[in-house]
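*Asks:* Supplied in structure tokens, the structure appears directly below.
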Amino acid sequence: ELYFMHHGLMLPKETHSQESLTYFAQQFTFKGDDAIAVTYPKSGTVWMQEILPLVLNGGDLTPIQTIPNWDRVPWLEEKRLKVVVDQLPSPRALVTHFPYELMPQSFFSSKAKVIYVMRNPKDVAVSSYYFHQMATFLEDPGTWEEFIDKFLEGRVMFGKWTNHVKSWRHTELGDRIMYITYEQMIQDLPAALRLMSDFLGKNLSDEVIEKISSHCSFKSMQANIMSNFTLVPKIYMNSDKSQFLRKGVVGDWKNHFSSKQLAHFSSVIYKELEA
Ligand code: A3P
């Protein structure tokens with residue numbers, strides 16, 4: 001059994017444990033200057049893990065060259081948090097796949113800021129399908145047809161996409177949260193970085209924005225062993241099956257969905273978003 005249930009969410013045992021969840025819920029303390037990227041899996045998490053520290057540190061590339069992406073910006077709910085938390089420079093960049101209602105009390109009483117990144121669910125499903133093929137700590141996705149049903153029914157890690165999006169859509173966070181889409185970031189990364197840096201109160205020059213944009217491009221990240229996940233042993237991520245940084249484009253769903261699958265997928269998603 002590769003997963004366990006936590007408040008109705010399927011979580012992989014390899015990366016999560018009751019102990020890590022308890023640590024996050026009860027011992028981890030948010031700070032007022034923390035910046036947290038929140039995503040449903042496969043929506044641009046790793047991209048944000050590359051971006052956030054650079055925006056916060058004014059474009060200093062040293063961490064990109066020396067620390068793996070996942071340790072620069074740990075997942076709050078994962079086992080690894082405890083290992084790296086004391087080494088994180090302030091202001092800290094953090095990331096989570098948790099829904100709003102599972103965030104701990106320390107988050108709600110802090111002034112930590114959130115950047116919620118949303119991606120077209122059809123592209124999320126495609127990306128997730130390939131990720132399930134390569135990540136040995138996740139269940140085999142089966143056929144694409146089968147995987148669409150698993151995805152829509154939330155029988156995947158972190159449950160349904162619609163629940164995640166809805167949970168973060170109406171919050172009490174006011175100006176502590178900003179929303180951006182993966183598609184906006186693809187269309188104009190410097191403009192997206194400007195929105196993020198303004199939100200985080202960083203007054204970055206155009207030159208620094210350009211520098212960050214260039215180091216966070218798909219190509220640069222793909223070429224950087226600290227960012228492309230090839231440091232992760234093949235027994236966990238089998239790069240013969242798929243790459244973590246796979247395509248990095250908008251609209252790959254068009255190469256995967258039949259018209260029948262598209263109609264079904266869209267109607268389920270729309271219905272749930274409206275409910
Ligand atoms: P694809 O599988 O469609 O290529 P996450 O980090 O949330 O797991 O999301 C992974 C997806 O984000 C993958 O999508 C990956 O290629 C894409 N991604 C990561 N870094 C990117 C970048 N710099 N530019 C564009 N897409 C990126």
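The values are calculated or read from the model by the stated rules, or taken from the named source; none is laboratory data. Predicted model only: the values in this text are computed from it and were never measured. Quick reminder, even Gly has a Cβ in these numbers, built from the backbone with ideal geometry, and neighbours come from all protein chains shown. SASA here: full protein model, heavy atoms, side chains in, ligands and nucleic acids out. Shrake-Rupley method; radii C 1.70, N 1.55, O 1.52, S 1.80 Å.
*Asks:* Mind listing which trypsin sites (Lys or Arg not before Pro) in region 190-275 are in a DSSP loop and have 13 or fewer other Cβ atoms within 10 Å?
*Replies:* Numbers: sites: ARG194, LYS202, LYS211, LYS219, LYS234, LYS241, ARG246, LYS247, LYS254, LYS260, LYS271; in loops: LYS202, LYS234, LYS241, ARG246, LYS247.
Passing both the DSSP loop test and the Cβ count: LYS234.
*Asks:* Something else: Checking the a/c ratio against 1.5 first, then a/b against b/c, what shape does the Cα gyration tensor give for region 1-45?
*Replies:* Oblate, since a/c reaches 1.5 and b/c is not below a/b.
*Asks:* Something else about it: Select from LEU61, LEU200, LEU189 the residue whose mean-square fluctuation is largest in a Gaussian network model of the chain (Cα-Cα springs shorter than 10 Å).
*Replies:* LEU61
*Asks:* Under 5 Å between amide hydrogens, which residues at least 5 positions from LEU94 or on another chain qualify, with H placed 1.01 Å from N in the peptide plane?
*Replies:* Residues meeting the criterion, in which the H sits 1.01 Å from N, are ALA35, ILE36, ALA37.
*Asks:* Sticking with this one: Quick query: amide H of LEU9 versus all other amide H atoms, modeled in the peptide plane; which residues come in under 5 Å with a sequence gap of 5 or more or a different chain?
*Replies:* none
*Asks:* Given axes a ≥ b ≥ c from the Cα gyration tensor, I'd like to know whether the chain is rounded (a/c under 1.5), prolate (a/b larger than b/c) or oblate. Please list the in-between numbers first.
*Replies:* On the way: a/c = 1.34, a/b = 1.25, b/c = 1.07.
Rounded, since a/c falls under 1.5.
*Asks:* Using 25 Å as the Cα-Cα cut-off, could you pick out the over-long pairs in LYS79/LYS271; LYS31/LYS82; LYS219/LYS254; LYS13/LYS260?
*Replies:* Working: LYS79/LYS271 35 Å; LYS31/LYS82 16 Å; LYS219/LYS254 23 Å; LYS13/LYS260 35 Å.
The pairs that break the limit, which is 25 Å between Cα atoms, are LYS79/LYS271; LYS13/LYS260.
*Asks:* Between SER17 and residues 5 or more places away or on another chain, which pairs have amide H atoms under 5 Å apart, with H built 1.01 Å from N, and which residues are they?
*Replies:* Residues meeting the amide H criterion: LYS79.
*Asks:* Is there a quick way to get the dipole size of the chain? I mean about its Cα centre, with the Cβ of Lys and Arg at +1 and of Asp and Glu at -1; what is the value in debye to the nearest 20? Walk me through the numbers on the way to the answer.
*Replies:* On the way: 29 positive and 31 negative charges, 20 e Å.
Dipole about the Cα centre, nearest 20: 100 debye.
*Asks:* Pop out the ³J(HN,Hα) list for region 233-248 in order, Karplus 6.51 cos²θ - 1.76 cosθ + 1.60 with θ = phi - 60°, rounded to Hz; leave Gly and Pro as x.
*Replies:* Ordered by residue, 3J(HN,Hα) equals x, 4, 5, 9, 10, 8, 6, 6, 8, 6, 9, 5, 8, 7, 10, x Hz.
*Asks:* May I ask for the distance between the Cα centers of region 2-21 and region 241-256, given as a whole number of Å?
*Replies:* About 27 Å separates the Cα centre of region 2-21 from the one of region 241-256.
*Asks:* If you filter region 81-172 for GluC sites (Glu not before Pro), then keep DSSP loop positions with at most 15 other Cβ within 10 Å, what is left?
*Replies:* When the GluC sites (Glu not before Pro) of region 81-172 are filtered for loop state and at most 15 Cβ neighbours within 10 Å, GLU172 remain.
*Asks:* So, one more: Under 18 Å from a label point 7 Å along Cα→Cβ of ALA275: give me every residue in region 1-29 with its amide N that close.
*Replies:* 8-10
*Asks:* How many angstrom separate the Cα center of region 66-116 from the Cα center of region 162-201?
*Replies:* Rounded to whole Å, the Cα centres lie 17 Å apart.
*Asks:* Residue by residue through region 116-125, what is 3J(HN,Hα) from phi via Karplus (6.51 cos²θ - 1.76 cosθ + 1.60, θ = phi - 60°)? Round to whole Hz and write x for glycine and proline.
*Replies:* Each residue of region 116-125 in turn: 8, 9, 10, 10, 3, x, 5, 6, 4, 4 Hz.
*Asks:* Let me make sure I get this right: for region 145-266, a, b and c are the square roots of the gyration tensor eigenvalues over alpha carbons, sorted descending. Under 1.5 in a/c it's rounded, otherwise prolate if a/b > b/c, else oblate. Which is it?
*Replies:* Working: a/c = 1.90, a/b = 1.25, b/c = 1.52.
Taking the square roots of the gyration eigenvalues as a ≥ b ≥ c, region 145-266 is oblate.
*Asks:* If you don't mind, there's one more thing I want to ask. Is there a pair in LYS42/LYS160; LYS150/LYS234; LYS111/LYS202 whose C-alpha atoms are over 18 Å apart, and which pairs would that be?
*Replies:* On the way: LYS42/LYS160 13 Å; LYS150/LYS234 25 Å; LYS111/LYS202 16 Å.
Violating the 18 Å limit, Cα to Cα: LYS150/LYS234.
*Asks:* Please work out the average accessible area per residue across region 1-141, using the 1.4 Å probe convention, and give it in Å². Don't skip to the end; give the middle numbers.
*Replies:* Working: 5280 Å² over 141 residues.
For region 1-141, the per-residue accessible area is 37 Å².
*Asks:* For region 37-188, what is the relative contact order in percent, using Cα pairs closer than 8 Å and at least 6 residues apart in sequence? Display every interim value, and only then the final one.
*Replies:* Numbers: 164 pairs, mean separation 46.6, N = 152.
Relative contact order comes out at 31 percent.
*Asks:* How high is the relative contact order of region 159-263? Use alpha-carbon pairs under 8 Å, at least six apart in sequence, and give a whole percent. Could you put the intermediate results ahead of the total?
*Replies:* Values: 31 pairs, mean separation 18.8, N = 105.
Here the relative contact order equals 18 percent.
*Asks:* Further question on the same structure: Is it possible to state the helix-based mean residue ellipticity at 222 nm for the chain, with each DSSP H run of 4+ residues giving -39500 (n - 2.57), the sum divided by total residues, to the nearest 500 deg cm²/dmol? What is it?
*Replies:* Values: 14 runs with 117 residues, N = 275.
Rounded to the nearest 500, the figure is -11500 deg cm²/dmol.
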